[in-house]
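The values are calculated or read from the model by the stated rules, or taken from the named source; none is laboratory data. Just so it is clear, the structure is predicted and the values come from calculations on it, not from any experiment. FYI the Cβ positions are ideal-geometry reconstructions off the backbone, even for glycines, and counts take in every protein chain you see. Just the protein is used for accessible areas: all its heavy atoms, side chains included, with ligands, DNA and RNA removed. Shrake-Rupley method; radii C 1.70, N 1.55, O 1.52, S 1.80 Å.
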Amino acid sequence: MQRSIYHIDCNSFYAAVECRRRPELRDVPMAVAGDPKDRCGIILAKNERAKAYGVKTAETIYQAKRKCPDLVLVAPHFDEYMEVSHQIKQMFADYTDQVESFGSDEAWLDVTGSLRYFRSSAVELADSIRHRVMDEIGITVSVGVSFNKVFAKLGSDLKKPDATTLITPQNYQRRVWPLPADSLLFVGRTAAEQLERHYIHTIGDVARTDPAFLEKLLGKGGETLWQYANGLDETRVRRMGEAEPPKSIGNGMTFRRDLLGWDELKAGIVALSDEVAARLRAEGMKCMGVHVNIRNPQMKTISRQCQLSAPTHLQKVIVDAAMQLVRASWREELPVRALTVTAQQLMDENSIQEQMCILGRNASLEKFERAEACMQKLRLKYGRSCMAMGYVENQELGIRQFHREGVELPGFSHEG
């Protein structure tokens, strides 16, 4: 049986929620933006009126204001966005139990088995869901309808706002193949540049290229892109609550002023690593690698990574590895605007068989393991802000002891 897959995308989600809170914002160009005082003044979302001026997500407030001097800026309310997101996805569950989130404002649905029950075609049911979200939640969504997840995602991007787009086995070559190659899911900037260098400009070009050449050019992902371009994606839609294990866990921050010297750099690294370690424990994961991004005031970023000798979720180990990377690749007198610390090569902590050396386990690490495990229990009981290890709140730098779970820090979070 041919599948019926939806990709539903909330149009300008953050901006739509703000306009729902304050209806007068619908009549002016407006955008949700980070706080310039925190030096993370980027556009997180914009409404259709702002989009008409050329305002783009992830550009700076300065750039947006040059395009639209009358742009109204609104501070984000992440708690409300998460609540509205939850309401919408609970609504999707009325139609199928196969609802896979793709960020706060997007989801895939597999309605193959639902069409008969609702006595609707795939497009009719999609329109019904779209109208219901508008009537009950007050925001518009775009729906891509197709026979696989990749083309459904493309469909929801083709016509916005408030539209349903159908891509079938009969029309996908006409509708999909003329699109730029970077429209394809998971084709990032680097991959797109590589394809461009070899005159592979469109999705159709990808589809007609020898998959062995694509694999040589892009690694294992090359053949996957060829399959996607040819409509061969058979990835299933996960059931509600069936989360994919994370491939990495990271935390980034733009500081209120540039960090100077090892002490301030370590303060930033420790605060970020604390959040990463806490999320590793919450996921029941350990990491075998640590990755650090360092951004200077001119917005240039360097990336460094290293392997660990053993899997860990200890804040101390992550901090030590991150600081070694920073010291080896940065000069103490150079200012740092932003940092990101990421735990990589994750594995289930219950499946790890750690080898015992003849000298036994590291007594110092065992002490930190007990301390951090105890701290995690206290945080679960009394809240994340009840205790911190190895750093203090620093308003001057913008370092805070508590950040909401699942929300990245200002400067590194934006709506797609």
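Could you list, in sequence order, the residues of segment 153-176 that are open to solvent by less than 40 Å² (accessible area, probe 1.4 Å) and of a type outside the set (D, E, K, R)?
Leu154, Gly155, Ser156, Ala163, Thr164, Thr165, Ile167, Thr168, Asn171, Tyr172, Val176
Could we say that Ser128 is touching a Ser or Thr at 6+ places or on another chain (Cβ under 8 Å) and either among the basic types (Lys, Arg) or assigned to a helix (DSSP H, G or I) (or both) here?
Against the criterion (touching a Ser or Thr at 6+ places or on another chain (Cβ under 8 Å) and either among the basic types (Lys, Arg) or assigned to a helix (DSSP H, G or I) (or both)), Ser128 qualifies.
Would a scan of segment 198-213 turn up a residue that is surrounded by 21 or more Cβ atoms within 10 Å (Cβ to Cβ) and within 30 Å of Leu346 (Cα to Cα)?
no
Go through Glu366, Glu393 for me and flag whichever is more than 17 Å from Ala277 (Cα to Cα), modelled with pLDDT under 90 and of a type in the set (Asp, Glu).
Answer to the check: Glu393.
Return the residue satisfying two criteria in turn: it lies in segment 1-40 and is in contact with a Leu (Cβ under 9 Å, 6 or more places away or on another chain), assigned to a loop (DSSP other than H, G, I, E, B) and modelled with pLDDT under 95, and of such residues it is farthest from Ala52 (Cα to Cα).
The residue in question is Cys40.
Within segment 228-247, does at least one residue satisfy the condition of being buried (at least 20 other Cβ atoms within 10 Å of the Cβ) and part of a helix (DSSP H, G or I)?
yes
Can you work out which of the residues in segment 62-89 that are within 12 Å of Tyr14 (Cα to Cα), outside any helix (DSSP H, G or I) and not hydrophobic (A, V, I, L, M, F, W, C) is most open to solvent (accessible area, probe 1.4 Å)?
Within segment 62-89, the match that is most open to solvent (accessible area, probe 1.4 Å) is His77.
A quick yes/no check of all residues on (1) among the β-branched types (Val, Ile, Thr); (2) at positive phi; (3) touching a residue at least 40 places away in the same chain (Cβ under 8 Å):
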{"site": "Gly103", "(1), (2), (3)": "no, yes, yes"}
{"site": "Leu109", "(1), (2), (3)": "no, no, yes"}
{"site": "Gly113", "(1), (2), (3)": "no, no, no"}
{"site": "Ser120", "(1), (2), (3)": "no, no, no"}
{"site": "Ile139", "(1), (2), (3)": "yes, no, yes"}
{"site": "Lys149", "(1), (2), (3)": "no, no, yes"}
{"site": "Ala163", "(1), (2), (3)": "no, no, no"}
{"site": "Ile167", "(1), (2), (3)": "yes, no, no"}
{"site": "Asp205", "(1), (2), (3)": "no, no, no"}
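All but one of (1) within 21 Å of Val17 (Cβ to Cβ); (2) open to solvent by 20 Å² or more (accessible area, probe 1.4 Å) hold for Asn47, so report the exception by its number.
Among (1) within 21 Å of Val17 (Cβ to Cβ); (2) open to solvent by 20 Å² or more (accessible area, probe 1.4 Å), the lone unmet condition for Asn47 is (2).
What are the residues in segment 163-189 that are closer than 18 Å to Ala107 by Cα, modelled with pLDDT of 95 or more and touching a helix residue (DSSP H, G or I) at 6+ places or on another chain (Cβ under 7 Å), if any?
The answer is Thr164, Thr165, Leu166, Ile167.
Could you look through segment 178-197, keep only residues that are among the small types (Gly, Ala, Ser) and open to solvent by less than 40 Å² (accessible area, probe 1.4 Å), and pick out the one that is nearest to Ser156 (Cα to Cα)?
Within segment 178-197, the match that is nearest to Ser156 (Cα to Cα) is Ala181.
If you go through segment 308-339, how many residues are open to solvent by less than 20 Å² (accessible area, probe 1.4 Å) and of a type in the set (Ser, Thr, Tyr)?
The qualifying residues number 1.
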